[in-house]
Amino acid sequence: MHVLRKKTIEHSLEESKEAGHSLRRTLHTRDLAFMGVAVAVGAGIFSVGAQAVAFHAGPAAIISFLIAAVVCGCAALCYAELSSVAPVAGSAYTFTYSTMGELVAWIIGWDMILEMLMAGSVISKYWSVYVNDFLRLLGVGITTSVKVGSITVDFAPIVVIAFFTILLVLGTEIGSHVNNVLAIVKIIIVLFIVVAGFFFIKASNFTPFIPPSEPASSLSSNPEETGVWFQPLFQWVTGQAPSIYGVSGIISGAALVFFAFIGFDVVATASEEAVNPKKTVPRGITLGVIMVTILYVLVAIVTTGMVSYKQLAAVKDPSLTTAFELVGATWAAKVIALGIVIGLTTVVMVLLLGLTRIIFAMSRDGLLPRALSKTSKRGTPARLQIAGSIVVAIMASTFDVTVLSDMVNIGTLSAFMLVALSIPILRRSRPDLERTIKVPGSPVVPILTSLSCLWLMLNLSLLTWVRFLVWLAVGFVIYFSYSYRHSLLQTPTDEHIMPDLQEQVHESH
């Protein structure tokens with residue numbers, strides 16, 4: 001079996017021009033940068049950060065954010081370089097297909113489907129939570145959930161998913177214009193939060209900056225929530241007792257807040273829809289990461305300085321809104337809640353886009369049914385967009401998906417790890433390719449980035465790893481039962497492959 005057969009960069013570029021299976025280029029640098037900001041400045045900045053402070057690192061969550069930012073910044077440079085070489089749909093999936101072969105590409109594509117599917121569901125659910133929270137702050141006794149038989153259905157995620165699905169079906173350009181406006185509103189609100197929060201900062205809340213390690217069970221009356229399944233894998237393997245805070249808490253906090261930095265790999269999935277992608281995509285990715293990092297560090301400082309981490313830990317689901325409520329600034333909490341509702345809408349849109357573009361790229365290669373990559377007259381995969389949105393809506397409206405946010409992290413980190421390794425591999429195998437941006441210090445920086453991602457993965461919970469392995473097992477079954485036999489590299493005479501690609505396909509074997 002030729003499971004490590006590779007698809008050339010030229011093949012990927014030509015494939016993006018295939019009639020009926022190509023996307024329309026309408027996005028510019030500002031659109032891509034705001035796309036990264038839109039998806040990253042969402043649940044992470046408004047809720048996951050507070051959870052990292054309360055249940056992982058205390059005030060040292062600031063360091064957790066910086067660690068995540070450094071790793072993400074290095075990974076962003078890797079994405080930027082590879083996007084300048086192969087500006088086509090698929091992101092990490094497409095990059096690894098050209099450097100490590102089909103099976104590895106399938107694994108990473110399957111992981112990215114997990115990432116986008118879980119993230120879209122989680123964020124849609126968070127959006128509903130904050131809509132209800134905003135209504136509560138306004139004194140409106142309305143809930144978006146209703147009981148249908150024995151199942152509780154939340155209609156808020158369905159509404160927001162349906163709205164952005166319609167926009168994306170009509171055209172990526174239309175969706176990007178809406179996204180840009182909402183992203184600017186979100187940045188203004190975040191800056192307001194930072195300025196308002198600085199008036200409530202107390203130096204005593206930063207002490208101790210790195211709280212001493214303590215048993216995880218000390219924070220919960222339910223032992224199951226802090227038992228072995230919720231213990232970081234590294235702690236479990238090394239036989240350590242489940243704990244929080246301390247140095248290990250900083251690392252596990254960094255692994256958690258990594259959820260906040262998934263934006264720029266979604267930007268890479270939209271490379272095929274960018275105008276002059278060899279320049280706009282690297283610039284968009286880099287600019288987006290810089291803006292997101294600045295915003296996150298500022299909010300982390302404010303969150304940890306306003307209230308004690310112990311106060312946040314006493315709340316079941318602490319958020320940035322919780323911090324303002326605890327200091328009596330309910331007026332600010334209302335503005336924040338409104339900002340979150342507005343902000344999370346853009347996150348939902350970009351994740352729906354990312355999910356369909358990954359599946360689109362894999363189906364165009366034959367690893368998933370080719371019909372999924374069929375595009376409409378508007379240059380969008382309309383049927384795939386609708387189908388993917390339906391799945392996300394069902395999960396968000398009926399499942400308790402908030403506990404699955406770690407699944408987003410492990411899918412993202414595995415993608416980052418392999419993308420970083422792709423840099424030195426492609427530098428060695430294809431030094432002739434034009435690169436408008438290069439990762440400095442290769443191969444050292446990419447290898448260290450890859451190892452850092454692996455280290456963060458090891459600090460995710462044991463339960464997350466078990467779920468991840470089950471997801472991979474399902475992926476292997478699909479690959480060997482369907483994808484391998486239907487891959488266009490397996491059947492070079494398939495009528496769907498354009499004639500001018502035949503020679504390149506044969507060479508890839």
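A search for C-beta distances below 6 Å between a residue of segment 7-25 that is within 16 Å of residue 357 (Cβ to Cβ) and any residue that is at pLDDT 70 or above and of a type in the set (Asp, Glu), counting only pairs 6+ apart in sequence or on different chains, returns 16/272; 23/272; 23/273; 25/273. So in segment 320-330, with the set limited to residues that are within 29 Å of the chain's Cα centre (by Cα) and at pLDDT below 80, which one is farthest from residue 54 (Cα to Cα)? Filtering first and then ranking leaves 321.
Residues are listed down the side, and each one gets a yes or a no for (1) part of a loop (DSSP other than H, G, I, E, B); (2) of a type in the set (A, V, I, L, M, F, W, C); (3) within 22 Å of the chain's Cα centre (by Cα); (4) at pLDDT below 85:
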residue	(1), (2), (3), (4)
117	no, yes, yes, no
126	no, no, yes, yes
133	no, no, no, yes
147	no, no, no, yes
157	no, no, yes, no
169	no, yes, yes, no
173	no, no, yes, yes
183	no, yes, yes, yes
205	no, no, no, no
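If we scan segment 331-348, do we find a residue that is surrounded by fewer than 24 Cβ atoms within 10 Å (Cβ to Cβ), among the basic types (Lys, Arg) and modelled with pLDDT of 85 or more? No, there is no match, as no residue in segment 331-348 is surrounded by fewer than 24 Cβ atoms within 10 Å (Cβ to Cβ), among the basic types (Lys, Arg) and modelled with pLDDT of 85 or more.
Under the condition of being at pLDDT below 75, more than 13 Å from residue 271 (Cα to Cα) and buried (at least 20 other Cβ atoms within 10 Å of the Cβ), the residues counted in segment 1-20 number 1.
Any residue in segment 354-370 that's surrounded by fewer than 24 Cβ atoms within 10 Å (Cβ to Cβ): show its pairings with residues that are assigned to a loop (DSSP other than H, G, I, E, B) at Cβ separation under 7 Å, as long as the two are six or more apart or on different chains. Partner pairs satisfying both residue conditions: 363/369; 366/487; 366/488; 370/496. Within segment 398-407, identify whether any single residue is in contact with a strand residue (DSSP E or B) (Cβ under 8 Å, 6 or more places away or on another chain), closer than 27 Å to residue 248 by Cβ and not β-branched (Val, Ile, Thr), and answer yes or no. Checked against the condition, which is being in contact with a strand residue (DSSP E or B) (Cβ under 8 Å, 6 or more places away or on another chain), closer than 27 Å to residue 248 by Cβ and not β-branched (Val, Ile, Thr), segment 398-407 yields at least one hit.
Taken together, 50, 54 contain a single residue that is within 23 Å of residue 322 (Cα to Cα), of a type in the set (A, V, I, L, M, F, W, C) and touching a Ser or Thr at 6+ places or on another chain (Cβ under 8 Å), which is 50.
State all residues of segment 443-473 that are surrounded by fewer than 17 Cβ atoms within 10 Å (Cβ to Cβ) and not in a helix (DSSP H, G or I); if no residue qualifies, say none. Of everything in segment 443-473, just one residue is surrounded by fewer than 17 Cβ atoms within 10 Å (Cβ to Cβ) and not in a helix (DSSP H, G or I), namely 443. On inspection, residue 268 passes the criterion of being small (Gly, Ala, Ser), at pLDDT below 80, closer than 30 Å to residue 28 by Cα and surrounded by 24 or more Cβ atoms within 10 Å (Cβ to Cβ). Among the residues making up segment 275-293, those that are hydrophobic (A, V, I, L, M, F, W, C) and surrounded by fewer than 24 Cβ atoms within 10 Å (Cβ to Cβ) are 275, 287, 290, 291.
Considering (1) outside any helix (DSSP H, G or I); (2) within 30 Å of residue 169 (Cβ to Cβ), the lone condition that residue 439 does not fulfil carries the number (2). Restricting the first residue to segment 132-149 and requiring it to be touching a residue at least 40 places away in the same chain (Cβ under 8 Å) and over 17 Å from residue 160 (Cβ atoms), which pairs with a second residue that is among the small types (Gly, Ala, Ser) and surrounded by 10 or more Cβ atoms within 10 Å (Cβ to Cβ) meet a Cβ separation below 8 Å and a spacing of at least six or different chains? Partner pairs satisfying both residue conditions: 137/333; 137/337.
In segment 294-319, the residue that is surrounded by the most Cβ atoms within 10 Å (Cβ to Cβ) out of those that are out of contact with any Gly (no Cβ under 7 Å at 6 or more places or on another chain) and β-branched (Val, Ile, Thr) is 304. Considering 91, 121, the condition of being crowded, with 24+ Cβ neighbours inside 10 Å and touching a Lys or Arg at 6+ places or on another chain (Cβ under 8 Å) is satisfied by 91 alone.
Would you check if there is a residue in segment 275-290 being of a type in the set (A, V, I, L, M), within 15 Å of residue 194 (Cα to Cα), in contact with a helix residue (DSSP H, G or I) (Cβ under 6 Å, 6 or more places away or on another chain) and in a helix (DSSP H, G or I)? No, there is no match, as no residue in segment 275-290 is of a type in the set (A, V, I, L, M), within 15 Å of residue 194 (Cα to Cα), in contact with a helix residue (DSSP H, G or I) (Cβ under 6 Å, 6 or more places away or on another chain) and in a helix (DSSP H, G or I). Exactly one residue among 88, 70, 37 is in a helix (DSSP H, G or I), among the hydrophobic types (A, V, I, L, M, F, W, C) and closer than 19 Å to residue 172 by Cβ, and that residue is 37. For segment 364-400, enumerate the residues that are in contact with a Pro (Cβ under 6 Å, 6 or more places away or on another chain) and farther than 16 Å from residue 159 by Cα. Once the filter is applied, which keeps residues that are in contact with a Pro (Cβ under 6 Å, 6 or more places away or on another chain) and farther than 16 Å from residue 159 by Cα, segment 364-400 yields only 375.
The values are calculated or read from the model by the stated rules, or taken from the named source; none is laboratory data. Every value quoted in this text rests on a predicted model; they were computed, and no experiment measured them. Every residue, glycine among them, receives a Cβ derived from its backbone with ideal geometry; neighbour counts consider all protein chains shown.
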